[in-house]
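Peer 1: I am attaching a structure below and will ask some questions about it afterwards.
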Amino acid sequence: MRAKRVAALSAAGAVLLLTAGPAAADGSPSPSPSGTVSTAGSSFLTATTVRPGQTAKLSGSTGDYLYWSFAAAAGQTDRVEVTLTLPPASSRHGSATWTVEAFDGLRRRQACTAGAQTVTAATGDTTVSLGCALRQVRSWAESWSGDPLPGTYYLRLSATDLPEQDLGLPIQAELRISARNGDAQPDGASLKAPLSPPVNPGSTLAPDDAAASAAPSAAASAPRPVERAKGWFASLSTRWLWTVGGGVLAAVAGVAGYRLTRHPRRWFSAAR
Amino acid sequence: MINRRRSAVGLLSVLAALNMFGAPPAVADEPKSKEPPKVELVLDDSGSMRTADIEGHSRISVAQQSFDEVVDALPEQTQLGIRVLGSTYPGDDKTVGCRDTQQISPVGPVDKTEAKTAIATLRPTGWTPIGLALRDAAKDLGTGDTTRRIVLITDGEDDCAPPDPCDVARELAAQGTHLVVDTLGLTLDDKVRRQLTCIASATGGTYTAVQSQNQLTGRLNQLVDRANDTYQETPSQVSGADGCAAAPILAPGVYTDRERFAEHRWYRVPVRPGQELRASVSMSLDRALNPDYGLLLRATAGDGRELVRGTDAGSGRTDVVSTGLRWSDPQAADEATPTPMPTPAPSASAASGPNTVCLVVSNSFSAPAGVQTTPGMPLELTVDVVPSSAAPHGPDLGRGWALLAVLTVAGLLAGLVTGWLARWRIAVWKEN
């Protein structure tokens, strides 16, 4: 009887362990650092760095191309929300199309999985809301693929289509980046250097020199992410919890099976 | 799924990871000290600035007021110069009127009182030689490592062409000093707007139509701050070749070049076995172009075999089109003895030396008739070489309900078999 109780307890423990595991993996919104950024860059190189959770708010002109950058770690899923206050309707001459685009550290276009990336504002509209949910950042990808990898990400907000007369009118832009952390795929893989491009001027090498220089990565670079989206338990993946739980269940089942062959009558009479 | 032999390794890696957690997250290195950001304000002081149409005040008084506020709020390290055009010659002689531009405050640490007095004494007078003023402003700013910004404030189109100010802007941009011209129009006139947007897009700057005092002050402050916040070292100039063999060899960093329509530009990067090449390229749309376009970046081996490509295409209004690629030698990643690729390039003759990867940038831009095709469009190339990352192995551990079921059933069967074996052995022993 005591053995049965022990078995039940350990099974319960295993179940607890398992339910705790996946729940932790679901992740929670990252802590929001305070502070508002009031600038935006005008090119990839001059992009203003924004941390997820921060807000960037500034006034600009309709024709501006506004650039921001942020660092994303493996397992992170980022969501961008932009609210635009348009110039007064009286000074506009037609509808305008606004777009928020995302690029990775290699300036490759990144897909939005959800959100209104492109919105056409009618002449009467006063505000426009844009959004883009990026793909989850993978921990590793083949070098031939375009998958999102840890490193710098760039955002560009611009009017992609508007009447020529409407250039230069005042707008207000507000950008918010939020990040959710999760288990990075594939498991146990990592990228040795994040996709954060160098920003220092390069130098050409003489042909004889090329073999000698081992070409270390440039010192200055665009924002780099932390090693992993989650601190403590990132390496202690939920696979550990599942596997340990499975081992416990197997042990319990083994003891139960053994006892079943020793005293089958006791088991079946108890069941009745 | 479960590899017991590796559990010790797993534990060790957990410990290592926990240890790593204590280390601070990697951050970009602090930039070394470099020259201060340099900005020149170029103010139109021609006769038309007398017009009182901004909230009831004359254009020049609005500009003067905003200049005062900008000078007051100037960040300490920013070096600001002020140049005016059309402020001295009231006559009708075009040749004299079109040479009328002076620097009233040199580029350098600003003496605030002096600068404000100089601004306050301005009286709208003469012609509008914008092209010449831009050229002189570029000279005032000089050459150096950082981006130079010119902020042009005007209310009228250039009446001194040639030189056409837009051509001047393109010519200045092509000179190699990284120069950005931001323009502010004090009127909503169509011709002025077209001229100013042309100047802005030729240099990667911005255009703003000013309609109020607050807007002008805010925008000026923003532009001066932008020079302060985001100024950086100018990418180094490189000139791509028209074939791989003669292409320049690039170290990690940022480069600029120019590429005409339908042109191919080649560069070379040495990549050792175990290293990964990362390259990205952006082309700026600095002139009127047909609406559909594309950009292609290819990495090829020395013998012309394509390794990988990056491409992007678009349609409609944008400032730059960009794409990038990664490449590492797959043989090196397998940790096999690296067999160097056949590279006819003279540099990569040593067997253990780096492979030379060729990068070629091509574009599918086109322009309506009448648009200048030279100089080519600005191209920005970023090259990086980093340690390559090996492909991960399959996971050592399992996950999911199926795993639990399999383990439980296996455990149960093992228990049953052990139990039956034990019973059978006891029975055999009893018989003997």
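Peer 1: Past 27 Å, Cα to Cα: identify those pairs from B:K94/B:K191; B:K94/B:K116; A:K57/A:K192; B:K116/B:K139; B:K38/B:K112, in the order given.
Peer 2: In this structure, B:K94/B:K116; A:K57/A:K192 lie more than 27 Å apart at Cα.
Peer 1: Return the single residue from B:R99, B:R194, B:R399 with maximal mean-square fluctuation; model: Gaussian network over chain B, springs between Cα atoms under 10 Å.
Peer 2: In this elastic network of chain B, the residue with the biggest mean-square fluctuation among B:R99, B:R194, B:R399 is B:R399.
Peer 1: Are there DSSP H segments in chain B that both extend 18 Å or more along their axis (alpha-carbon positions) and score a mean Kyte-Doolittle hydropathy of at least 0.0? List them, or say none.
Peer 2: B:7-21, B:401-431
Peer 1: Right, here's the next one. Have a look at B:S322, B:S389, B:S366 and tell me which one the Gaussian network model of chain B (Cα, springs below 10 Å) gives the largest fluctuation.
Peer 2: Greatest mean-square fluctuation among the candidates belongs to B:S389.
Peer 1: Something else about it: Based on the Cβ-Cβ distance from B:T143 to A:T113, what FRET efficiency comes out when R0 is 60 Å, to the nearest 0.05?
Peer 2: In this case the efficiency is close to 0.85.
Peer 1: Next question. I need the trypsin sites (Lys or Arg not before Pro) found in region B:242-314, filtered to DSSP loop residues with at most 11 other beta carbons within 10 Å of theirs.
Peer 2: The qualifying sites are B:R305.
Peer 1: Go ahead and estimate [θ] at 222 nm for chain B from helices alone: -39,500 (n - 2.57) per DSSP H run with n ≥ 4, summed, over the residue count, rounded to 500.
Peer 2: Computed ellipticity for chain B at 222 nm equals -9500 deg cm²/dmol.
Peer 1: Restricting to chain B, what percent of DSSP beta bridges are antiparallel, rounded to 5?
Peer 2: 70
Peer 1: Taking the Cα centroid of region B:370-389 and of region A:116-175, what is the distance between the two, rounded to the nearest whole Å?
Peer 2: 23
Peer 1: Which is the longest stretch in chain B that no exposed loop site breaks, taking sites as GluC sites (Glu not before Pro) with a DSSP loop state and at most 11 other Cβ atoms within 10 Å?
Peer 2: With a cap of 11 other Cβ atoms within 10 Å, the longest stretch comes to B:77-334.
Peer 1: Moving on. Counting DSSP beta bridges with both partners in region B:38-230, what percentage is antiparallel, nearest 5?
Peer 2: In region B:38-230, approximately 25 percent of DSSP beta bridges are antiparallel ones.
Peer 1: A:T126 to A:E164: extension gain in nm, 0.36 nm per residue of separation minus the Cα-Cα distance?
Peer 2: Contour length minus the Cα-Cα distance gives 11.8 nm.
Peer 1: Take peptide B:204-210, look around each residue's Cβ out to 10 angstrom, count Cβ atoms belonging to other protein chains, and average those counts.
Peer 2: 6
Peer 1: Rounded, prolate or oblate: pick one for region B:48-117, where a ≥ b ≥ c are the square roots of the eigenvalues of its C-alpha gyration tensor, a/c under 1.5 means rounded, and failing that, prolate if a/b is larger than b/c, else oblate.
Peer 2: Oblate is the answer for region B:48-117, as a/c is 1.5 or above yet b/c matches or exceeds a/b.
Peer 1: Measure off 7 Å from each Cα along the Cα-to-Cβ vector at B:V96 and A:A89, then give the distance between these two points in nanometres to one decimal.
Peer 2: Roughly 5.4 nm, to one decimal.
Peer 1: Tell me, B:M377, B:M49 in order of fewest to most beta-carbon neighbours within 10 Å?
Peer 2: Going from sparsest to densest Cβ surroundings: B:M377, B:M49.
Peer 1: If you add up the charges near B:T78, with Lys and Arg at +1 and Asp and Glu at -1, over every other residue whose beta carbon is less than 9 angstrom from its beta carbon, what do you get?
Peer 2: For residues surrounding B:T78, the net value is -1.
Peer 1: Arranged by the count of other C-beta atoms within 10 angstrom, fewest first, what order do A:R265, A:R259 take?
Peer 2: Fewest-to-most Cβ neighbours within 10 Å comes out as A:R265, A:R259.
Peer 1: What shape does region B:38-230 take by its C-alpha gyration tensor, where a ≥ b ≥ c are the square roots of the eigenvalues and a/c under 1.5 counts as rounded, a/b above b/c as prolate, and the rest as oblate?
Peer 2: rounded
Peer 1: Fewest Cβ neighbours within 10 Å first, please rank B:W420, A:W240 accordingly.
Peer 2: B:W420, A:W240
Peer 1: With a 10 Å cut-off between alpha carbons and a GNM built on chain B, which of B:G274, B:G131, B:G400 moves the most?
Peer 2: B:G400
None of the figures in this text is laboratory data; all of them are computed from the coordinates on show. What you see is a predicted model; the values in this text were computed from it and never measured. Heads up, the Cβs are rebuilt from the backbone with ideal geometry, glycines too, and the neighbour counts pull from every protein chain shown.
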